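What follows is calculated from the coordinates using simple rules that are stated; it is not laboratory data. Quick caveat, the model's predicted, so the values are computed rather than measured. Glycine gets a Cβ as well: all are built from the backbone with ideal geometry, and neighbour counts include every protein chain shown.
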Amino acid sequence: MAQTVAQPTANTPAVPATLPLKAIAPWAVFFGILMLVLLYFVGAEQGATSVVSGEDVHEWVHDARHLLGFPCH
Ligand SMILES: [Zn+2]
């Protein structure tokens, strides 16, 4: 079975060896905030620090809470 591989031409932009920080920074901030929100819901969404009333969020993340060693009950 013959396979064809596209060869880069002079018009093909070369992939930079390193990614520029300006290109990564917005995504790093976005995922950092996303992870902080997730960490809040796993670790602190209970009792006095609860944003969402009821036990639904707590029950959804209960196993993750124990897995990460947050105090629970
Ligand atoms: Zn628990």
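State which residue pairs qualify: first residue more than 16 Å from PHE70 (Cα to Cα) and inside the range 28-55, second residue surrounded by 10 or more Cβ atoms within 10 Å (Cβ to Cβ) in any location, beta carbons under 7 Å apart, and separation of 6 or more residues or different chains.
Cβ pairs passing all conditions: VAL51/GLU45; VAL52/GLU45.
Can you tell me which residues in the range 40-66 are away from the ligand (no atom under 12 Å from the Cβ) and not in a helix (DSSP H, G or I)?
Answer for the range 40-66, where residues must be away from the ligand (no atom under 12 Å from the Cβ) and not in a helix (DSSP H, G or I): ALA44, GLU45, SER50, VAL51, VAL52, SER53, GLY54.
If you go through the range 61-73, how many residues are in contact (Cβ under 8 Å) with a residue 12 or more places away in the chain and not aliphatic (A, V, I, L, M)?
3
May I ask you to verify whether VAL42 is surrounded by 10 or more Cβ atoms within 10 Å (Cβ to Cβ) and in contact with an Asp or Glu (Cβ under 6 Å, 6 or more places away or on another chain)?
Spelling it out, it is not the case that VAL42 is surrounded by 10 or more Cβ atoms within 10 Å (Cβ to Cβ) and in contact with an Asp or Glu (Cβ under 6 Å, 6 or more places away or on another chain).
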